[in-house]
Amino acid sequence: QEQLKESGGGSVQPGGSLRLSCTASGSISRVNTQAWYRQGPGKQRELVASIYDGGTTNYADSVLGRFTISRDSDKNTVYLQMTDLKPEDTAVYYCHWMGTAVHYWGLGTQVTVSS
């Protein structure tokens with residue numbers, strides 16, 4: 001069964017860093033967009049960062065300059081490097097991969113930023 005699994009979440013102090021990983025397993029169909037979303041307490045799920053087939057990336061204004069999305073195709077893994085974390089970055093982070101007729105979601109990993 002195809003699935004995505006996030007890892008790397010945890011608790012950090014403001015200004016800290018974390019690197020999230022999203023690894024695919026099973027028979028994942030070809031995708032052309034890989035992204036990270038997050039959902040904070042009492043908030044709607046929002047797009048954080050995307051990486052497209054050709055390597056183009058896109059970021060939410062709130063994380064621009066602090067977060068970096070990347071991938072290792074050989075490992076079937078997408079990363080989200082997060083630096084200078086702020087309390088408002090606290091959320092469950094989900095990975096989402098999408099192709100022409102398919103899309104996959106992970107179950108999420110909790111990130112908590114607190115002093």
Do you know which residues across the range 7-38 are more than 15 Å from CYS95 (Cα to Cα) and open to solvent by 60 Å² or more (accessible area, probe 1.4 Å)? SER11, GLN13, PRO14, SER17, SER27, ARG30
Just to be sure I understand, how many residues within the range 1-52 are touching a Lys or Arg at 6+ places or on another chain (Cβ under 7 Å), over 23 Å from THR100 (Cβ atoms) and among the polar types (S, T, N, Q)? 1
From the list VAL102, VAL113, VAL63, which residue is within 13 Å of the chain's Cα centre (by Cα) and either among the β-branched types (Val, Ile, Thr) or open to solvent by 40 Å² or more (accessible area, probe 1.4 Å) (or both)? VAL63
Got at least one residue in the range 53-62 being at pLDDT below 95, within 20 Å of GLY108 (Cα to Cα) and out of contact with any strand residue (DSSP E or B) (no Cβ under 6 Å at 6 or more places or on another chain)? no
Among the residues of the range 2-27, the number that are more than 18 Å from ARG66 (Cβ to Cβ) and part of a loop (DSSP other than H, G, I, E, B) is 3
Are any of the residues in the range 39-46 surrounded by 12 or more Cβ atoms within 10 Å (Cβ to Cβ), not charged (D, E, K, R) and not in a strand (DSSP E or B)? yes
How about the range 75-89: which of its residues are open to solvent by 10 Å² or more (accessible area, probe 1.4 Å) and more than 13 Å from the chain's Cα centre (by Cα)? LYS75, ASN76, THR83, ASP84, LYS86, PRO87, GLU88
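The values are calculated or read from the model by the stated rules, or taken from the named source; none is laboratory data. Since the model is a prediction, treat every value here as computed from it, not as a measurement. A quick note on method: Cβ atoms are made from the backbone with ideal geometry, for glycine too, and the neighbour counts reach across all protein chains shown. The accessibility values were calculated without ligands, DNA or RNA, using every heavy atom of the protein model including side chains. Shrake-Rupley method; radii C 1.70, N 1.55, O 1.52, S 1.80 Å.
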